[in-house]
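Only the coordinates and a few stated rules stand behind these numbers; no lab work does. The structure presented is a predicted model; accordingly, all values stated were derived computationally and were not measured. We place every Cβ from the backbone using ideal geometry, glycine too, and count neighbours over all the protein chains shown.
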Amino acid sequence: MKSPFTKALSFIIALGLSLSAYADTRIEQVWSCTLNDGKSMDDVKALNHKWVKYVNKAVKGGDIQSYVATAIVGKMAVFIFVDSFPNMGSWTAKEAAMDAEEGKKLNEAFDEIAECQSNSLYSVEES
């Protein structure tokens, strides 16, 4: 059985290797969501604006962007968030920031507005 120190050291080494592997890429997290009854895309966009301000303040270096993609044709209550991070380290820091009190409040507010069914994390490179 590994000691807590050995586990922590293993995690730090693995994180360091993953960060160096993604040094020249951006990380994109894509969420597929559906509006809750009585809520609007204006509600989503207003809260997303607050989220972007919070995570850019909470994560050292900032440069976190978020886009809300809405249907032009099709299911109008379905939308997509595309959250863009400069690297894996900033995505990891965002995850930690969402565990703080303000992050939890933002998550609760999002839950009142929409239900997100799935998400994926992508590494992207500019061609």
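Values for this structure:
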item: Rounded if a/c under 1.5, otherwise prolate or oblate - the stretch 66-127, Cα gyration tensor axes; result: oblate
item: Average Cα contact separation per residue, the stretch 45-90, under 8 Å, 6 or more apart, as relative contact order %; result: 34 percent
item: Furthest towards positive pole of dipole, A100, G74, N87, structure part the stretch 24-124, Cβ charges; result: N87
item: Efficiency of FRET from Cβ geometry, S127 and V52, R₀ 22 Å, rounded to 0.05; result: 0.25
item: Spacing of the two label points (7 Å from each Cα toward its C-beta) at D42 and T70, in nm; result: 1.0 nm
